[in-house]
Structures are given as structure tokens and as C-alpha cells.
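This report concerns only the one structure given below.
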Amino acid sequence: MDAVIYVNDTLKELLYEDQSLKQLVNAASLPGVVEPVIGMPDIHEGFGLPIGGVMAIEEKGVISAGAVGYDINCGVRLLRTSLEAAYFNKELLYKLIERIEYYVPTGIGKKGKHKGITRVIFDDVVHRGVEAVIKAGFGKKSDLEYIEENGGLSGADLSAVSKEAQERGEEQLGTLGGGNHFIEIQRVDSILDEKLARQFGLFKGQIVVMIHTGSRGFGHQIATDYTKILWEAAKKYGIEVPEKGLAAAPIDSKEGKAYYKAMAAAVNFAFSNRQIIMFDVMKAFEDILKKSSESMGFQLVYDVAHNIAKWEIHGGRRLLVHRKGATRALPAGHPQNPSFYKESGHPALIPGSMGTGSYVVVGTEKAAETFYSVNHGAGRRLSRNKAKKISKEEFEKAMGDVIYNVRSYKDIADESPLAYKDVEEVVSVLEKREITIPVARFVPLAVVKGAD
DNA sequence: ATGTAC
């Protein structure tokens, strides 16, 4: 089976610094893989499938928890406003991020402020997704149209989820987490495609908000539980799995079906998590700017998953597409697009590292060769351990004028722009290949990170 | 990514 990686000369050099190539080749050996397995320009080493990997599997093949990742439905949501960045001075930005932190718990192990409600609706949330949190008062019905899968992947079943995962999940809905998760207030720095930008409601100098988080301890526990279960199952069914991270069982097997049910529950949790955080961010803006979110023009642009496995039709075949650190990007006219984006193709959101730019792009017809997938970020260049050694001077220089909430740079040195690949370089690879059309570029003004 | 480890 073949694997294909999209890189330029600069990014190619980075491939030899970690195990990502080997991991991609290993994945290509799993039963039922539809070639090629894809490596995105932001590929780097992960657990099992590399991050920046796309693996499509035919119906008779296998499903793998490691090919989705530990943070199931880690993803990104973009909100636009009608606010002009010119009016946002540092004082105002500091007030806003302080208020956002007041509403949204950040950092590892934090419990949600809405846990009184989220405990009650938890069952409904994991089975139906965002629809359930909207019913409970977080946002408006039409938000559903602006979320991949309408904010709910069908087939979720809490009975396939361990008690431990449920207990962690109930308390963590509405929290940001740590690591690369963030809430950023950004400015639209440049419009790269006028027509598409207009369709997405974006204009130069506009304030937008980007939210990056996932399924927290809930998804993490599910991934942990099922890596073990699928590893044992692989032995039972005689499937050769090259490493534990790629533990896999037939999609049709008891274990494979159970993983899908649990994974879908975590997918729904994560979409709902971003919905609640969006609601809280809007509340923070309302408090500080003393205006209603409607009058500030708040509108969800789109919400995409970066870590997910789901059924899609490709080349007339029904395939289980595993995306791990990759974004679905359907082209203009594709029937699976939400109605609002039928003519344009839906926005695919690509956050850069904090301190650098982020992008919104759309896929083209040519993206069929990647199973309509594009890169999901800049991609890590240094391991967390190496990046922790970045000096204070280097860190501050890389951050420039960007405001951030974390007191000590040491807590987030591993998230420094220096720890990541150049997002411009990464985005240009698929653009040159005509797989994506860049629509707009954003620069961060203020960043909320999860660290104590 | 993660109540940062079997």
C-alpha cells in the first residue's frame, strides 16, 4: 500500500527528525486501507498514526483509536463580529481576556462552571451533540448549520463508554484544557479571495475569535480504554498491528463497533464543549463592551473537527476516514456542504501557533486525492521537551505584540511559535498543489491559554 | 492531548 506526503523542500527536511514517516508506512499496512495513506504538510510524530495523517478504510477493514488520537474531536471554531480591530487597544484586550478567563475554566483538570446544568443534560449531549446544549440555552438553533456534521455524529452510545470516562466528562463540559488549546481574539490581516471572504462574512480589519479545544478528559479516557481493548481484539482476530498506537479491530466486530459508539460520544461532547465556550466568550464581550452579542455582529462562521473517524463517500465507495490532525475540506458544490456554504465550499480552519497567523481556506475538486482533507495547523517542529528549553528572550521576541494571559512564559514555552513549523510554508504546499484556496489570514491580538 | 506513569 502507498503513502503520499505533501511537503516542499524545507518541510521535507523535518520529516527525518522524527518517526512520522515510519508511522505513516506502518498505518498503510492495516487491513482494508484504501491507498494512499496521506501525510499532510504539517505532519509530525504521534501515537500510532502521525499527527497530520489521513487513513481511509473500506467497509471490511479496521477501525483504530490511535488513528483518531487521544483528543477525540479536537477542533476549531471561528466566530466573526462586525467589530473593527482599530478600536481594540491593549487595555481593552487585557480586560477581554481576563473576562473570558472568568467564564471559561482553563488548564488541565479544571471543572466546568456550568456543571450544575451539564451534569443534567450530559446524556442528551453525548447522544445528540450541540442540539442538546442549544436546547439548554447555549446559543441559537441556526448555529447547528455552521458545525461539521451539524454538531452531532450519529451512532453515539454512552453504554460503550466506561464509568470513569463518564465521570470525567460530566464535570468538564465547558472547559478549555491545556497544551495547544486556546481562545484567541484575532484581526483579519488580509483577504486572499474576495468572493469567498464575502461569502464567509469576513473583511479586512475585522475582529474574529478562534476557539481551539476538544473532548478533554472524556475523550482522553475513551482513547485510553479502547487502545487497550482494540489491542487485545487485534490479537483475538489475528490482525497484525505494527505498534500499540495503531491497535485496531474489524469495523464490524463487537470491539470495533463499541469504539465507534464511544468515539461518536466524544465527538459530540467536543462540539458541545466549543458551543458552550462560544457562549461564554460572547458573554465576556457583552460584559466588557456593554453591548449585546447581536449588536456586535457575533456569528459562528464554522466549526471543524481535526481528530475524528467518520463514514464518507469517496469515489462512489463508503469509507471510514480517519483524520488525525487533518481537516475535512469539501469543495464548492459538494452535496455534503451545509446549505449556507453549498456554492463556496465550507470554510476549513487552520490555526497557526500563538503569535503567528491563522488561515481559513476551502478545498477544491482536486482535494479528492486527499479524501477532501487539508492540513490542520502549523504542525509541531520541536518536541515539548526540547521546546521547554526556549529562553525567555527568544519566547518574548517570537510573541511580538501579542497579549497573553499566562503569567510565566515557562508554562507555555512549549507552545511558542518557535516550537512550530512556519504556517505560511505549510499552507502554501496545498495551495500550490491546487488542493486549497486560501481565503483569509488572521493575526492574533490576544491569546487565552490553559496553564496555571 | 491528559486528574501529565504500570
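The values are calculated or read from the model by the stated rules, or taken from the named source; none is laboratory data. Please read all numbers here as calculations on a predicted model, not as lab measurements. Counting neighbours? That spans all protein chains shown, and the Cβs are built from the backbone with ideal geometry, glycine included.
Is it the case that some residue within region A:34-42 is within 22 Å of A:Ala262 (Cα to Cα), surrounded by fewer than 24 Cβ atoms within 10 Å (Cβ to Cβ) and in contact (Cβ under 8 Å) with a residue 24 or more places away in the chain? Within region A:34-42 (the criterion being within 22 Å of A:Ala262 (Cα to Cα), surrounded by fewer than 24 Cβ atoms within 10 Å (Cβ to Cβ) and in contact (Cβ under 8 Å) with a residue 24 or more places away in the chain), the answer is no, since none of the residues qualifies.
Between A:Gly174, A:Gly137, the distinction of being within 16 Å of DNA strand B (Cβ to nearest atom) and either on the phi < 0 side of the Ramachandran plot or at pLDDT 95 or above (or both) belongs to A:Gly174 only.
Step by step: first the residues of region A:325-342, then only those that are of a type outside the set (Lys, Arg) and not in a loop (DSSP other than H, G, I, E, B), then the one that is surrounded by the most Cβ atoms within 10 Å (Cβ to Cβ). Which residue is that? Break it down into steps so the answer makes sense when it comes.
So in region A:325-342, the residues of a type outside the set (Lys, Arg) come out as A:325-327, A:329-341.
Within this subset, residues satisfying the condition of being not in a loop (DSSP other than H, G, I, E, B) are A:326-327, A:339-341.
Working: A:Ala326: 31, A:Thr327: 27, A:Ser339: 7, A:Phe340: 14, A:Tyr341: 21.
The extreme case among them is A:Ala326.
In the list A:Val443, A:Val448, A:Val426, which residue meets the criterion of being more than 14 Å from DNA strand B (Cβ to nearest atom), part of a strand (DSSP E or B) and either in contact with a strand residue (DSSP E or B) (Cβ under 8 Å, 6 or more places away or on another chain) or without any contact (Cβ under 8 Å) to a residue 60 or more places away in the chain (or both)? If you could, list the steps in order and put the result at the bottom.
On the way: A:Val448 fails: more than 14 Å from DNA strand B (Cβ to nearest atom); A:Val426 fails: part of a strand (DSSP E or B).
Matching residue, one of A:Val443, A:Val448, A:Val426: A:Val443.
Looking across region A:202-219 at every residue that is among the hydrophobic types (A, V, I, L, M, F, W, C), closer than 21 Å to A:Leu192 by Cβ and in a strand (DSSP E or B), the one that is farthest from DNA strand B (Cβ to nearest atom) is identified as A:Ile207.
Looking at region A:404-427, can you tell me whether even one residue there is in contact with a His (Cβ under 9 Å, 6 or more places away or on another chain) and within 30 Å of A:Glu98 (Cβ to Cβ)? Checked region A:404-427: no residue is in contact with a His (Cβ under 9 Å, 6 or more places away or on another chain) and within 30 Å of A:Glu98 (Cβ to Cβ).
Kindly establish whether A:Ser159 is in contact (Cβ under 8 Å) with a residue 40 or more places away in the chain, more than 16 Å from DNA strand B (Cβ to nearest atom) and of a type in the set (S, T, N, Q).
Values: in contact (Cβ under 8 Å) with a residue 40 or more places away in the chain: yes; more than 16 Å from DNA strand B (Cβ to nearest atom): yes; of a type in the set (S, T, N, Q): yes.
The answer is yes for A:Ser159.
For region A:367-394, filtering for residues that are in contact with a Ser or Thr (Cβ under 9 Å, 6 or more places away or on another chain) and more than 16 Å from DNA strand B (Cβ to nearest atom) leaves 4.
Scanning region A:355-366 for residues that are buried (at least 24 other Cβ atoms within 10 Å of the Cβ) and either within 16 Å of DNA strand B (Cβ to nearest atom) or not small (Gly, Ala, Ser) (or both) returns A:Ser358, A:Tyr359, A:Val360, A:Val361, A:Val362. Could we say that A:Gly52 is assigned to a loop (DSSP other than H, G, I, E, B), within 16 Å of DNA strand B (Cβ to nearest atom) and either touching a strand residue (DSSP E or B) at 6+ places or on another chain (Cβ under 6 Å) or farther than 30 Å from A:Arg198 by Cα (or both) here? No. Applying the set (1) farther than 30 Å from A:Val241 by Cβ; (2) within 16 Å of DNA strand B (Cβ to nearest atom) to A:Tyr70 leaves exactly one unmet item: (1). Restricting A:Glu232, A:Glu171, A:Glu167, A:Glu255 to residues that are out of contact with any Cys (no Cβ under 9 Å at 6 or more places or on another chain), closer than 30 Å to A:Leu93 by Cα and of a type in the set (Asp, Glu) narrows the list to A:Glu171.
Kindly list, by first and then second residue, each pair from a residue in region A:68-96 that is closer than 30 Å to A:Val267 by Cβ and in contact (Cβ under 8 Å) with a residue 24 or more places away in the chain to a residue that is within 16 Å of DNA strand B (Cβ to nearest atom) and of a type in the set (Phe, Trp, Tyr), limited to pairs with Cβ atoms under 7 Å and residues at least 6 apart or on different chains. Hits for this filter: A:Tyr70/A:Phe47; A:Asn73/A:Phe271.
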